[in-house]
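*Asks:* What follows is a structure written as structure tokens; I'll ask about it next.
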Amino acid sequence: MPDFRTAVVTGSTSGIGLAVARALAEAGHAVMINGLGDPAEIEAERALIETETGAPVGFHGADMSDPAQIAALVAATETQFGQIDIVVNNAGIQTVAPIEDFPVDRYTLIMAVNMSAAWHLCRATFGGMKARGWGRVINVASTHGLVASPFKSAYVMAKHAVVGLTKTLALEGAEHGVTANAICPGYVMTPLVERQIPETAAARGMTEEAVIRDVLLAAQPTRAFVQAGQIGALAAFLCTSAASQITGAALPVDGGWTAR
Ligand code: NAD
């Protein structure tokens, strides 16, 4: 079998997803990137990854909260690259608020993007992976797929569900060369985290500086943010044959957070 596969990485116009897309392209895989944002900036990033890595890189702007657009993403990727071997469910959003004040529209959107999108994309691609005898599902969950923090009820609920999906797909793919794993990052300084600092400050009655020191980095014994490229490197490793017996795992990359 060829070493080079075709990957779809959702939410890869920014942050962790962008780093995963870049790492997979550096490993030689064709990559379909996806996400929201300024079309010109996305095209510049897509072209840069393609030029720097030599791997074919496409873009599809499916809104992952919409199952019809997820189906269109799958169809476009299969048209451009022939098949889908690697699915990285990474698109995610966050809202920080006490449950009694949590906006219902944000709950609904978080569940759609962070949880249901992964199920829909796997439903559409898993059969092909099984039939070809090789596949990788990588779900970018979170430390919050393993433990909770207050004021993140929807996010923690969705991420725990994604870990459950991961285990189920590991069992369904086990005899077909298809692995499924969750990567559970601690805090990575991306736009998603930058945006939640003022929300967390408001929810906890703290300054933003105190949130970084006493909430975010206090959770991680290393007292350092995880780097997005470190998540990309792990995702690329999970796509190698060396990782073929790693399946059904929820792998923390959290500076020791969940060791406590
Ligand atoms: P980010 O905000 O930098 O990137 C999120 C990406 O998702 C962007 O490309 C955005 O366009 C895309 N996206 C958002 N809504 C979308 C939608 N409806 N349809 C398609 N794409 C959409 O965030 P990030 O920190 O890189 O987060 C990526 C993933 O990593 C998320 O699932 C997040 O929960 C998870 N995560 C992040 C951290 C962290 O500390 N940053 C920690 C643990 C887990």
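The values are calculated or read from the model by the stated rules, or taken from the named source; none is laboratory data. Fair warning: this is a prediction, and the values are worked out from it, not measured in the lab. Cβ placement follows ideal geometry from the backbone for every residue including glycine, while neighbour counts extend to all protein chains displayed.
*Asks:* Pairs only if they're at least six apart or on different chains, beta carbon under 7 angstrom, first in the range 20-35 and of a type in the set (D, E, K, R), second part of a helix (DSSP H, G or I); list them, first residue then second.
*Replies:* 22/49; 22/232; 26/53
*Asks:* Pairs needed: first member in the range 84-104, within 15 Å of residue 145 (Cβ to Cβ); second member anywhere, part of a loop (DSSP other than H, G, I, E, B) and more than 8 Å from the ligand (Cβ to nearest atom); C-beta distance under 9 Å; at least 6 residues apart or different chains.
*Replies:* Partner pairs satisfying both residue conditions: 94/152.
*Asks:* Check residue 14 against each of (1) closer than 26 Å to residue 132 by Cα; (2) among the hydroxyl-bearing types (Ser, Thr, Tyr); (3) under 13 Å from the mean Cα position of the chain (by Cα) and name the one condition it does not meet.
*Replies:* Against the list (1) closer than 26 Å to residue 132 by Cα; (2) among the hydroxyl-bearing types (Ser, Thr, Tyr); (3) under 13 Å from the mean Cα position of the chain (by Cα), residue 14 comes up short only on (1).
*Asks:* Do we find a residue being under 14 Å from the mean Cα position of the chain (by Cα) and hydrophobic (A, V, I, L, M, F, W, C) anywhere in the range 206-223? Explain how you work it out, then say what you get.
*Replies:* Narrowing the range 206-223 to residues under 14 Å from the mean Cα position of the chain (by Cα): none.
No, the range 206-223 contains no residue that is under 14 Å from the mean Cα position of the chain (by Cα) and hydrophobic (A, V, I, L, M, F, W, C).
*Asks:* Which of the residues belonging to the range 142-181 are within 16 Å of the ligand (Cβ to nearest atom) and among the hydroxyl-bearing types (Ser, Thr, Tyr)?
*Replies:* Matches in the range 142-181: 142, 143, 149, 153, 155, 166.
*Asks:* A follow-up question, please. Mind counting the residues in the range 4-29 that are buried (at least 24 other Cβ atoms within 10 Å of the Cβ) and of a type in the set (Ser, Thr, Tyr)?
*Replies:* Matching residues across the range 4-29 total 2.
*Asks:* Here's a check for you: in the range 58-99, which residue that is part of a loop (DSSP other than H, G, I, E, B) and under 30 Å from residue 205 (Cβ atoms) is farthest from the ligand (Cβ to nearest atom)?
*Replies:* Within the range 58-99, the first condition is being part of a loop (DSSP other than H, G, I, E, B), and the residues that meet it are 61-66, 82-85, 90-98.
So of that shortlist, the ones also under 30 Å from residue 205 (Cβ atoms) come out as 92-98.
On the way: 92: 2, 93: 5, 94: 6, 95: 11, 96: 12, 97: 16, 98: 20 Å.
Once the filter is applied, the top-ranked residue is 98.
*Asks:* Right, here's the next one. Looking at the range 190-202, I want the residues that are under 16 Å from residue 228 (Cα atoms) and within 6 Å of the ligand (Cβ to nearest atom) and have a partner that is assigned to a helix (DSSP H, G or I) and not small (Gly, Ala, Ser) with Cβ atoms under 7 Å, at least 6 apart or on another chain. Which pairs are those?
*Replies:* Qualifying pairs under 7 Å: 190/16.
*Asks:* So which residues in the range 79-103 are over 27 Å from residue 156 (Cβ atoms) and surrounded by fewer than 17 Cβ atoms within 10 Å (Cβ to Cβ), if there are any at all? Write out each step before concluding.
*Replies:* If we filter the range 79-103 for residues that are over 27 Å from residue 156 (Cβ atoms), which is where we start, we get 79-85.
79, 80, 82, 83, listed by residue number.
*Asks:* Sticking with this structure for a sec: Quick one: is residue 147 touching a helix residue (DSSP H, G or I) at 6+ places or on another chain (Cβ under 8 Å) and farther than 19 Å from residue 111 by Cα?
*Replies:* Details: touching a helix residue (DSSP H, G or I) at 6+ places or on another chain (Cβ under 8 Å): yes; farther than 19 Å from residue 111 by Cα: no.
In short, no.
*Asks:* Within 14 Å of the ligand (Cβ to nearest atom) and of a type in the set (Ser, Thr, Tyr): does that describe residue 53?
*Replies:* When the stated conditions are applied, residue 53 does not pass them.
*Asks:* Answer yes if at least one residue in the range 178-198 is charged (D, E, K, R) and modelled with pLDDT of 95 or more, and no otherwise.
*Replies:* Kept after step one, since they are charged (D, E, K, R), are these residues of the range 178-198: 194-195.
Now restrict to residues that are modelled with pLDDT of 95 or more: none.
The answer is no; no qualifying residue exists.
*Asks:* Something else now. Between residues in the range 220-243 that are of a type in the set (Phe, Trp, Tyr) and residues that are away from the ligand (no atom under 15 Å from the Cβ), which pairs lie under 6 Å by C-beta distance while being six or more apart or on different chains?
*Replies:* Going by the 6 Å Cβ cut-off, the qualifying pairs are 237/243.
*Asks:* Of all residues in the range 207-243, which are of a type in the set (Val, Ile, Thr), crowded, with 19+ Cβ neighbours inside 10 Å and at pLDDT 95 or above?
*Replies:* Once the filter is applied, which keeps residues that are of a type in the set (Val, Ile, Thr), crowded, with 19+ Cβ neighbours inside 10 Å and at pLDDT 95 or above, the range 207-243 yields 226, 231.
*Asks:* Here's a follow-up. When you go through 68, 55 one by one, which is the residue that is hydrophobic (A, V, I, L, M, F, W, C), modelled with pLDDT of 95 or more and surrounded by 14 or more Cβ atoms within 10 Å (Cβ to Cβ)?
*Replies:* Working: 68 fails: surrounded by 14 or more Cβ atoms within 10 Å (Cβ to Cβ).
Within the list 68, 55, the selection yields 55.
*Asks:* Kindly evaluate residue 40 against the criterion of being away from the ligand (no atom under 13 Å from the Cβ) and either touching a Pro at 6+ places or on another chain (Cβ under 9 Å) or part of a strand (DSSP E or B) (or both).
*Replies:* Numbers: away from the ligand (no atom under 13 Å from the Cβ): yes; either touching a Pro at 6+ places or on another chain (Cβ under 9 Å) or part of a strand (DSSP E or B) (or both): no.
In short, no.
*Asks:* Mind checking whether some residue in the range 114-124 is surrounded by fewer than 22 Cβ atoms within 10 Å (Cβ to Cβ), of a type outside the set (A, V, I, L, M), assigned to a loop (DSSP other than H, G, I, E, B) and in contact with a helix residue (DSSP H, G or I) (Cβ under 7 Å, 6 or more places away or on another chain)?
*Replies:* Scanning the range 114-124, I find no residue that is surrounded by fewer than 22 Cβ atoms within 10 Å (Cβ to Cβ), of a type outside the set (A, V, I, L, M), assigned to a loop (DSSP other than H, G, I, E, B) and in contact with a helix residue (DSSP H, G or I) (Cβ under 7 Å, 6 or more places away or on another chain), so the answer is no.
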